[in-house]
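The values are calculated or read from the model by the stated rules, or taken from the named source; none is laboratory data. As the structure is a prediction and not an experimental result, all values here were calculated from the model. Glycine gets a Cβ as well: all are built from the backbone with ideal geometry, and neighbour counts include every protein chain shown. Areas reflect the complete protein model, heavy atoms only, side chains present, ligands, DNA and RNA absent. Shrake-Rupley method; radii C 1.70, N 1.55, O 1.52, S 1.80 Å.
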Amino acid sequence: MAGDNGLAQTPQMGWNTWNSFACDMNETVILDAAEKIVSQGFRDLGYEYVVLDDCWSAGRNSSGYLIPDKEKFPNGIATLAKKIHDMGLKIGIYSSAGKWTCARYAGSLGYEQKDADLWASWGIDYLKYDNCFNNGEEGTPKLSFDRYNAMYEALNATGRPILYSLCNWGVDGPWNFGPTIANSWRTNGDLTTVWDRDNANCPCSELEGLDCKSPGGYCSVMNTINKAAYYPSKSVPGAWNDLDMLQVGNGGFTDNEAVAHFSLWAALKSPLIMTNVMSKIDPPTLSILQNPAVLAVSQDPMGLSAFRIWRHYVDDVDEYGKGEIQMFSGILSGGDQLVLLLNAGAKDREMNASLKDVFWNDGRSCGTSDKVYKEWDIYDLWANRMSNETANAIINGRGNGTSLSERAFNVTSMGGAKKVYSQVPPSSSKELMGSKVGSVKARGTVTAQVKAHGVAMLRLRAQNTNDEL
C-alpha cells in the first residue's frame, strides 16, 4: 500500500498555487511563497510541501518528455527544486490521469513512466494527480483504480519517495481503492469559499457523494463535511481522506467559519494544504493556520480521524434555509479524547455532549466504555489563539519568524516540530493543549458555548494522570 513508501505518516501539510494564482503562477511566485513559509514560521510548524499546480508545462518534446514553460521557469524546475530544498522545504508538481490536465495542458495518461522518471530526476517530492480528460476511463472502481495504479507503479519504479495525492473528486469511491496505492485521495468536488449553500455546480447530495458520478465544483464546507463524515475509518497513517485544499485566507468566510473549516479538516485528518497568498497574509489568517493545539490534533501520531456521533437539525436558519448541529469525537494519543461541537445554525448556542456520546465508538460495545466512568479535564484548543499584535509582528518581520515554533516546541525545524507532535502526550506543552476551561464528572456532560457557523474544539484528559499540566 502507499503507506509502504514511508510518507504522510501524518496528513501532509504545505502550500499550493492554484486557488490564488491558477495559471498565473511562475518561479517568482513560488519562491516568494516559499520564503514566506520559512520566514513566518510555517515550515517549523510542519508546512513542508510547496506544490506547483496546473499550467507549468509547455507540452512534450520529440522524445515524449514534458518540458517546463521557459517564460514561467527560465531556470528550469530542477533548479527551482534545489532552491526549495535548500530552504528546508519539499517541492510538489501537478498532472492529470488524462490526455490533458484540467487547464488543457499535456496530461500523463499513457506517459506515466516517462513523467515519473522526469519528475524524479528533477527532485520532485509530491505529485497531485487530477482526473480531467480521462478518455472515459472511469465509471467503475476498477477503471479508476487501473488508471491511477499506473502512476503509482511508475512512481515506485523511480526509486524516489514521492508523495502520491489522487485528485479524482470522489468519483468511483477512491476511499476504497486509494489506501492501496496513494497517500491521499480527494473525497469530493472542489471546495469554494462558501460555508453552506446548495450549488448546481456541486450537484451531488451527501449520500450520492458516496458514489458520485458528477461531483463538480464550488462545494461548500458543509457539503464537503456531510459527505466525508460517512467514511472516516478509511484514513490510516500513510493514506488519508482529502477534503480538498484549505480556503482559509481567501475571503468569503467569516472568522468563525474559517476557524471551523480549519478545525474540521484537522479533526478529520485531511491534508492541510494552504492556498492563500503568503505575501498578503493577514493576522487572523496567520493565527488560524499557526494554532499549534489544532495542528497537534491533525498530526497526532495515532492517525485516527474523528467520527461524527450525532447530527441534529435546528430551528434557526440562515438565508439559505439551513440549520444543523453536529458532534464529532476522536481518539488521541496518550489516552486523550477530541470533542468537536459544530454549530452550523444561524445563532450562538450552548451545546452539550454526554460522555456516553463522546466514547460511543470506544470499547467493546458502543456507549459502554469504561472511560464514561472517569473524570476528565477539558481544554479549549482555541483559547490561546495568537493575538493580532503578535501575528502582525511575525508578518512584518519584527522579530524572529520562527518565534512561535521556538516558544511552543523549542525546535527550529519542521522535523523537530513533527517529533514534538509525536510525543504529545506524555511530553505536553500548554501551547499544544490549549487552555483548561473546566472538567466533567463521571457519566457527566461536556458543555460549551458555540458561535453561529462555528465550533468548539476540546481536548479531554483523564484526571489524576501522570501528565497533568
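What is the antiparallel percent of DSSP beta bridges lying wholly in the chain, to the nearest 5?
Numbers: 40 of 64 bridges.
Antiparallel bridges make up about 60 percent of those DSSP assigns within the chain.
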Just the accessible area for Leu166, please: 1.4 Å probe, Å², rounded to the nearest 10? 0 Å²
Greater than 19 Å apart at Cα, pairs in Lys114/Lys213; Lys269/Lys347; Lys90/Lys128; Lys234/Lys356: Lys114/Lys213; Lys269/Lys347; Lys234/Lys356
5 Å is the cut-off here: which amide hydrogens, built 1.01 Å from N in the peptide plane, fall below it relative to Ile309, excluding neighbours closer than 5 in sequence? Met327, Phe328, Ser329
Does a label point 7 Å from the Cα of Tyr230, set along Cα-to-beta-carbon, have any residues of segment 191-224 with amide nitrogen under 12 Å, and which are they? 204-213
Ellipsoid equivalent to segment 286-382 - semi-axes via the Cα gyration tensor, in Å: 25, 20, 11
If Glu27, Glu350, Glu389, Glu137 are ordered by their accessible area, calculated over protein heavy atoms with a 1.4 Å probe, which sequence runs from highest to lowest? Glu389, Glu350, Glu137, Glu27
Glu35 versus Leu210: modelled label distance in nm, points set 7 Å from Cα along the beta carbon direction: 5.1 nm
In Å and whole numbers, how far do the C-alpha atoms of segment 1-94 stretch along each principal axis, longest first? 41, 35, 25
Just want the answer: with Cβ charges of +1 for Lys and Arg and -1 for Asp and Glu, which residue in Tyr152, Asn223, Gly238 is farthest toward the dipole's positive end in the chain? Gly238
Computed E for Thr79/Asp370 - FRET, C-beta separation, R0 56 angstrom, nearest 0.05: 0.45
Leaving out ligands, DNA and RNA, what percent of the accessible area of segment 215-295 is carbon and sulfur, probe 1.4 Å? 51 percent
Computed about the Cα centre, the charge dipole of segment 159-307 from +1 Lys/Arg and -1 Asp/Glu charges at the Cβ has a magnitude in debye, to the nearest 20, of 400 debye
Stretch Val437-Asn199 to full length: gain in nm at 0.36 nm per residue minus the Cα-Cα span? 81.8 nm
Per-q log10 I(q)/I(0), the chain, q = 0.07, 0.12 Å⁻¹ (Debye; single scatterer per alpha-carbon; no solvent): -0.34, -1.03
In vacuo Debye scattering of segment 53-164, one point per C-alpha: log10 I(q)/I(0) at q = 0.11 Å⁻¹? -0.33
